[in-house]
Structure formats: structure tokens, C-alpha cells
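Trainee: Pasting a structure here, questions to come.
The values are calculated or read from the model by the stated rules, or taken from the named source; none is laboratory data. Given the structure is predicted, the values throughout are model-derived calculations rather than measurements. Ideal geometry is used to build each Cβ from the backbone, glycine not excepted, and the neighbour counts take in all protein chains shown.
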Amino acid sequence: MALELKPNDILLFFGDSVTDCGRDRAKLDSLGNGYVNQINARLGHALASPALRVINQGCSGHRVYDLEPRLETDLLAHKPTVVTFLIGINDVWRRYDRNLISAAADFAACYRRILTRIVTGLNPRLVLMEPFLLPVPPDRRAWREDLDPKIGIVRDLALEFGADLIPLDGQFTAAATRSPADFWLPDGVHPSAAGHALIADAWLENARL
């Protein structure tokens with residue numbers, strides 16, 4: 001079922017650097033230069049509603065465990081009506097650059113606690129976006145061992161909590177058959193402008209305006 005948006009919705013995006021994308025954290029209306037900004041612009045055009053608010057609460061480098069301590073101040077305090085998550089790739093990355101392992105069971109338990117707290121406190125509409133990866137450089141292929149179970153967890157949690165699921169990992173894989181992987185994700189993780197457009201398109205295609 002498509003996400004039905006209302007003219008007075010408060011949309012909050014929660015995640016890591018892909019969401020953050022250079023936002024000024026001192027300014028709540030700073031949306032960064034990525035997919036959140038693109039979604040805001042296109043919703044502004046489509047809905048033409050001054051009451052609609054978009055809030056970016058992505059933080060570069062964060063894992064799922066970093067979202068939990070800032071849940072009250074960065075999410076619940078704003079009383080969003082729609083919350084979108086994009087988290088998990090740093091839980092994978094830290095295993096390979098710092099030997100900081102995020103076990104699948106721990107990742108799932110933390111994510112579930114966060115969603116439970118949100119549903120209990122606000123009961124907004126939820127959108128979960130899959131973390132994603134392309135093999136740039138080629139050694140990123142080894143990361144699939146850690147990433148794929150986490151993608152499965154995100155899918156399971158979407159079903160458990162009645163959230164919309166945006167299957168970004170498959171969409172980036174499909175996109176890489178049309179143009180080289182580094183066209184979309186220059187380092188395999190962080191999107192180019194085209195990659196951010198792909199995410200924005202996927203989110204908007206799931207919405208009913």
C-alpha cells in the first residue's frame with residue numbers, strides 16, 4: 001500500500017551520512033545536499049503546502065546503536081507523522097575498518113527497540129529503507145557476508161511493524177546494470193547526485209501525493 005501523504009505531515013528522516021549529506025546540524029531546516037533535499041523540493045512542488053515539514057536527522061558515521069541515545073531529542077521531540085529510516089551500512093563498515101562487529105542479533109534487537117519506542121510514543125507511519133552496497137572497490141564484495149543478513153532483518157522488521165519497505169539494495173544493483181557501479185556509488189556506499197536521485201525516486205514512488 002502506498003504511503004498516503006497529507007498537507008500538514010511532518011516527515012523526519014533518521015539515519016547516517018547518506019541521509020546527513022552535509023546538513024548544518026545547528027539548523028533544523030537544513031536538509032543537506034542529498035535525497036532528503038530532493039524529496040522536500042519535489043513534495044513542495046507537488047503538494048504546494050506551507051504546512052508540510054521535512055526534517056533531516058541523519059548523522060554521519062552513525063550505526064543503529066547511535067540512533068537510540070538520540071531518539072528522544074532528535075526524533076520524538078519533533079512529533080513526526082512519518083519517519084523514514086536508512087541505517088545499517090556503518091554497522092557493516094566498522095567490522096572491516098575497525099574490527100567493530102555488529103552481530104545480526106544485536107543489530108535486530110536495537111532496531112526493534114527503537115521502532116517499539118517510536119510506535120509506543122507517537123505511532124507515526126514508518127518507512128524502512130534497505131542499506132545498500134555496490135562493489136566499488138571490488139573488495140567491497142566481501143562485505144555482503146555481513147550486509148545481507150542485516151538487509152534481511154530490515155525486511156523482517158518492516159513486516160513486523162507494518163512499515164513500508166524501500167528495497168534500495170536491489171534497486172542499486174539493477175541500476176548498476178545500466179551504468180557503472182561507481183556512477184551511482186563512487187565508493188560503493190555514498191551516493192553520487194544520480195544515486196541520491198535514485199533514492200528520492202524510490203521514496204516518492206512509494207508515496208501517494
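Trainee: On the basis of being without any contact (Cβ under 8 Å) to a residue 60 or more places away in the chain and over 30 Å from ALA105 (Cβ atoms), does ALA2 make the cut?
Mentor: Values: without any contact (Cβ under 8 Å) to a residue 60 or more places away in the chain: no; over 30 Å from ALA105 (Cβ atoms): yes.
So ALA2 fails the test.
Trainee: Given the conditions (1) closer than 26 Å to LEU52 by Cβ; (2) without any contact (Cβ under 8 Å) to a residue 40 or more places away in the chain, report the number of the one that PHE183 does not fulfil.
Mentor: (1)
Trainee: Show me the helices (runs of 4 or more DSSP H) entirely contained within segment 62-139 in which 3 or more residues are at pLDDT 95 or above, farther than 21 Å from LEU159 by Cα and in contact with a Pro (Cβ under 6 Å, 6 or more places away or on another chain). Don't jump to the end; show me each part of the working.
Mentor: Details: elements: 64-67, 71-74, 89-98, 104-121.
Passing ranges: none, list empty.
Trainee: Can you pull out every residue in segment 15-27 that is among the hydrophobic types (A, V, I, L, M, F, W, C), touching a residue at least 40 places away in the same chain (Cβ under 8 Å) and part of a loop (DSSP other than H, G, I, E, B)?
Mentor: Of segment 15-27, the ones among the hydrophobic types (A, V, I, L, M, F, W, C) are 18, 21, 26.
Going one step further and asking which of them are touching a residue at least 40 places away in the same chain (Cβ under 8 Å), we end up with 18, 21.
The one that is among the hydrophobic types (A, V, I, L, M, F, W, C), touching a residue at least 40 places away in the same chain (Cβ under 8 Å) and part of a loop (DSSP other than H, G, I, E, B): CYS21.
Trainee: Taking segment 50-74 as the search range and keeping residues that are of a type in the set (S, T, N, Q), over 24 Å from ASP97 (Cβ atoms) and touching a helix residue (DSSP H, G or I) at 6+ places or on another chain (Cβ under 8 Å), which one is surrounded by the fewest Cβ atoms within 10 Å (Cβ to Cβ)?
Mentor: Among residues in segment 50-74 that are of a type in the set (S, T, N, Q), over 24 Å from ASP97 (Cβ atoms) and touching a helix residue (DSSP H, G or I) at 6+ places or on another chain (Cβ under 8 Å), the one surrounded by the fewest Cβ atoms within 10 Å (Cβ to Cβ) is GLN57.
Trainee: If I go through segment 30-50 residue by residue, how many of them are outside any helix (DSSP H, G or I) and under 18 Å from the mean Cα position of the chain (by Cα)? Before the answer, list the steps.
Mentor: Residues of segment 30-50 that are outside any helix (DSSP H, G or I), as a first pass: 30-34, 48-50.
Subsequent filtering for residues that are under 18 Å from the mean Cα position of the chain (by Cα) retains 30-34.
The qualifying residues number 5.
Trainee: Could you pull out the residue among ARG112, ARG117, ARG94, ARG53 that is over 28 Å from LYS27 (Cβ atoms) and over 16 Å from the mean Cα position of the chain (by Cα)?
Mentor: Working: ARG112 fails: over 16 Å from the mean Cα position of the chain (by Cα); ARG117 fails: over 28 Å from LYS27 (Cβ atoms); ARG53 fails: over 28 Å from LYS27 (Cβ atoms).
Unique residue meeting the criteria: ARG94.
Trainee: Could you tell me which residue of segment 145-200 is nearest to ASN37 (Cα to Cα), considering only residues that are part of a loop (DSSP other than H, G, I, E, B) and among the hydroxyl-bearing types (Ser, Thr, Tyr)?
Mentor: To start, the set of residues in segment 145-200 that are part of a loop (DSSP other than H, G, I, E, B) comprises 162-163, 167, 176-180, 185-192.
Within this subset, residues satisfying the condition of being among the hydroxyl-bearing types (Ser, Thr, Tyr) are 177, 179, 192.
Numbers: THR177: 26, SER179: 24, SER192: 14 Å.
Of everything passing the filter in segment 145-200, SER192 is nearest to ASN37 (Cα to Cα).
Trainee: Any residue in segment 151-162 that's among the aromatic types (Phe, Trp, Tyr): show its pairings with residues that are part of a helix (DSSP H, G or I) and modelled with pLDDT of 95 or more at Cβ separation under 7 Å, as long as the two are six or more apart or on different chains.
Mentor: Close Cβ pairs (under 7 Å, with a partner that is part of a helix (DSSP H, G or I) and modelled with pLDDT of 95 or more) amount to PHE161/LEU115; PHE161/VAL119.
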